[in-house]
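Enquirer: Please see the structure below; I have some questions.
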């Protein structure tokens, strides 16, 4: 299996949407209730590009099987060296180092673009994501208790951080 990481194109947005909507409907990875439309995901994609943020896809045999991005952590100017990222892998392709390849490239691009820190907001029950981030040197920096509500239960958000030293 050969995984290729590249900048996403408009033609990839439907595959990104499929991955996103699966997580919305079946997990607490995204704190949303309703699936997104193709139009909404296309707006997200164009907004990311207009702001200069990367949207990367992972391809296996020319099929998009994952994506990753980062963007604004908070709006105020003092936060301009911090980014919050996301990495998602299609349910049928997990455990094949696709997320690793996306994360390596996101970290490289964040460093190259002069960012100082990457932040991950993770549902606290998602221990797989916590372990994944620890592999890259992310550390737990705090938990917000009962800030989300999905699937008839309160959800805690755990924040992890990586200082991007060269």
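Enquirer: Is it fair to say residue 114 is loosely packed, with under 15 Cβ neighbours inside 10 Å and assigned to a loop (DSSP other than H, G, I, E, B)?
Expert: yes
Enquirer: Taking into account only those residues within the stretch 135-157 that are out of contact with any strand residue (DSSP E or B) (no Cβ under 8 Å at 6 or more places or on another chain) and outside any strand (DSSP E or B), which is surrounded by the fewest Cβ atoms within 10 Å (Cβ to Cβ)?
Expert: Top of the filtered list is 152.
Enquirer: With respect to residue 119, determine if the residue is buried (at least 17 other Cβ atoms within 10 Å of the Cβ) and not in a helix (DSSP H, G or I).
Expert: In short, yes.
Enquirer: Given the residues 103, 160, which is the only one that is touching a helix residue (DSSP H, G or I) at 6+ places or on another chain (Cβ under 7 Å), modelled with pLDDT of 95 or more and either crowded, with 17+ Cβ neighbours inside 10 Å or under 25 Å from residue 32 (Cβ atoms) (or both)?
Expert: Only one candidate passes the filter, namely 160.
Enquirer: Right, next: Give me the pairs, please: first residue somewhere in the stretch 144-157 and at negative phi and touching a residue at least 12 places away in the same chain (Cβ under 8 Å), second residue anywhere and loosely packed, with under 12 Cβ neighbours inside 10 Å and part of a strand (DSSP E or B), beta-carbon distance under 7 Å, and either six or more positions apart or on two chains.
Expert: Close Cβ pairs (under 7 Å, with a partner that is loosely packed, with under 12 Cβ neighbours inside 10 Å and part of a strand (DSSP E or B)) amount to 155/149; 156/145; 156/146.
Enquirer: Now, a different point. From the residues in the stretch 81-98 that are within 10 Å of the chain's Cα centre (by Cα) and either more than 18 Å from residue 141 (Cβ to Cβ) or modelled with pLDDT under 95 (or both), which one is surrounded by the fewest Cβ atoms within 10 Å (Cβ to Cβ)?
Expert: 88
Enquirer: Kindly provide the set of residues from the stretch 10-25 that are touching a helix residue (DSSP H, G or I) at 6+ places or on another chain (Cβ under 9 Å) and free of Cβ contacts under 8 Å to residues at least 24 places away in the same chain, ordered by number.
Expert: 21
Enquirer: If you don't mind, another one. Read through the list (1) touching a residue at least 40 places away in the same chain (Cβ under 8 Å); (2) loosely packed, with under 15 Cβ neighbours inside 10 Å; (3) closer than 26 Å to residue 78 by Cα, then give the number of the only condition that residue 125 fails.
Expert: (3)
Enquirer: From 95, 66, 71, grab the single residue that is over 14 Å from residue 53 (Cβ atoms) and in contact (Cβ under 8 Å) with a residue 12 or more places away in the chain.
Expert: The unique qualifying residue is 66.
Enquirer: Sticking with this structure for a sec: Of these, 101, 120, 110, which one is under 15 Å from the mean Cα position of the chain (by Cα) and within 17 Å of residue 157 (Cα to Cα)?
Expert: 120
Enquirer: Within the stretch 22-30, does at least one residue satisfy the condition of being more than 16 Å from the chain's Cα centre (by Cα), at pLDDT below 95 and closer than 28 Å to residue 155 by Cβ?
Expert: The answer is no; no qualifying residue exists.
Enquirer: Within the stretch 33-60, count every residue that is in contact (Cβ under 8 Å) with a residue 40 or more places away in the chain and in a loop (DSSP other than H, G, I, E, B).
Expert: Matching residues across the stretch 33-60 total 2.
The values are calculated or read from the model by the stated rules, or taken from the named source; none is laboratory data. Not measured: the values here are computed from a predicted model. In this analysis, Cβ positions are derived from the backbone assuming ideal geometry, glycine residues included, and neighbour counts consider all displayed protein chains.
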